[in-house]
Every structure is written in structure tokens, then in C-alpha cells.
Amino acid sequence: MEFIKEFINTDLGQLIAWISGIVGGAAAIWFFWEKILAGIRWIIKQIKSWLALLKTSHSNPFTDQGRIIPEAFFGRKQLLRNIFEALEKGINLSLIGETQMGKSSLLRKVCQLRAKQLPNKTFIDLDLSSVHDEGDFFKALCDEIGIPEKRGYLLHRALHGKQYVLCLDNIERLTNTLFSGDERTELRGLAEGADAPLTLLIASRSRLDTLFPDSPLEASPLAGICQRLTIPPFSPEEVRAFIHTRLQPTGVQFTDAEIENIWQQSQGHPNKVQRAAAELYWQRK
């Protein structure tokens, strides 16, 4: 017992003091090390910012893919006017355009401009490529509206007196066998008539009556209530203006002959314009 007491009173006390000295020194070292690390992190952050700026200033301005952001959207002013004029009157629209003609980007631009153009209507942007089946469609629709999942009469009653513009992208998904066709009939019931709660804006590669040839004796439910609006290619003037706009911050210039060649190659197809312009830009860099 005496030995233990002596250890506690002397040796243990010295050990604690020794450990405290080490910890205190380590704390001081750790404090300065944190300062050093903070300085290193700041330098790395600055280098990354400089590299990002350098990359941006020399990046190819013709590399848009898929749905572009509304800020990068170009032209289509008359088409947008036609769309909003029809939607304001409650006219259902079927937007038809070739693959990569800019259908999805146009829908996104319409949704961006909704507050300014049609503030009295609520817009719903629904990409059907992410919808699994018929039940999932109504689940997604109700979720976007902000109501519990319903369909049929209950959904119609829940939307009574409301005004929604339903933008449907990639409607080709509804040709899948997981969809019975009843969902299109129900959509028609929600979008037909002067007091209908839904106004449809549908984007597709083909006409709706071709896409959904339900019966030779009956009209396709959606084709019967939608006016067709074809998305045209860019005109030569639009191609020229688009290229000049994208090149302006880069310092690179294309000749009139080169722009004319891009038009000839692409015939104004937006994606083909970008590919031809991107290839020429890389050659210049």
C-alpha cells in the first residue's frame, strides 16, 4: 500500500506533468499547423479559380448538349410569341420537331418566361422519360401540382377552377406497353373545354395521331384537341446571329464564307449548327 501511495504522490505526478508538457507543446504545434493548412487551402482555392477562369475564357462556345439552360437559349422569338398567345387562349399545343431540334430547351424557356407572359397560370414541367408506368405518371402529375395522388373523377374535381399549363416532354414514353392509353383519355378530359383546368404543351418528334394510332375508327385522344406547331430550323440569318453571339466573348471570328458553309452543312438544324461550328472553332484554337 505504501508503495502505491508513494507512486501516486511522486511518480504519477511527474508522469502527469510530463504528459501535460507534451500535450501543451503538441497543441501549440497543432495551432500553427492549422494556420499553415489554412494558408495552403487558400492558395489552392485561388489556383483553381484562376484555372477555371482560364478554361472558361478558352472553352468552345458550341458544345451545348440536351436541354440547355434558359440563359443560353437563342432566338425563337416568333415561335415563343405564338406559343404564349395560344396558351393564353387555352389552346392545347403539339410541338413537333426533329431529334435534337431544341424541343426540350424550348419547353424549359417557356417555363422560365411563364411569370412574365402568363402570371395567372401555373406551369408544370414534366419530363416523361423519368416516368415508369401509368400509375407513376399520375403520381408524378399530382406531386408536381401539390395534391395527394388521384385520377379520374377525383382528380378532375380536385383541379376544378384551377388553371395549369402542363408541359409534357418526351411523350413518346407513353407508347410503352406499361401505359394502357387510358391516361391519354383522362388527360383529354382534363384539357378539353373552355373551363378545363389543364392546357397542354406537348413536345414530340412525330404527330400525335401518328405516334398514337389508337384505332382506325377513332381519333387519337390528344391529337384531337391539340393544334400542331412545327419547330423550324434556324434561318441563314439566325445561324449567322447565333454564331456571332457565341463567338463575341472569345475573340475568335469566322468569315462570312465559313458561316455560309456551316449553314449549308446543317441546313439550320440547331444541333448540326453547333457541331459544325464547334469543329471549326477547335481548328482555330
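Okay, here's what the table says:
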item: For Val165, residues with placed amide H under 5 Å, excluding near neighbours; result: Thr122, Phe123, Ile124, Thr199
item: Approximate spin-label separation Glu237-Glu258, in nm, with each point projected 7 Å along Cα-to-Cβ; result: 2.4 nm
item: Calculated SAXS-style log₁₀ I(q)/I(0) at q = 0.19, 0.22 Å⁻¹ - segment 156-285, Debye, Cα scatterers; result: -0.97, -1.21
item: Whole-Hz couplings from phi, Karplus 6.51/-1.76/1.60, listed for segment 150-157; x for Gly and Pro; result: 8, 7, x, 4, 5, 5, 4, 5
item: Rg to Rh quotient for segment 69-226, alpha carbon positions, Kirkwood Rh; result: 0.94
item: For segment 236-284: Kirkwood Rh in Å [reciprocal of mean 1/r, alpha carbons]; result: 10.5 Å
item: Extension gain, Ser180 back to Lys77 (0.36 nm per residue minus Cα-Cα distance, nm); result: 33.4 nm
item: Peptides ranked, highest mean first, by Cβ atoms within 10 Å: ranges 247-256, 78-87; result: 78-87, 247-256
item: Expected-Rg normalisation [2.2 N^0.38 Å, Cα atoms] applied to segment 113-161; result: 1.28
item: Separation in nanometres of the label points that stand 7 Å from Cα toward Cβ, at Arg205 and Gln112; result: 2.5 nm
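Each value in this text was obtained by applying a stated rule to the coordinates, not by laboratory testing. Because the structure is a prediction, the values reported are computed rather than measured. All Cβ positions, even for glycine, are placed from backbone atoms using ideal geometry, and neighbour counts span all protein chains on display.
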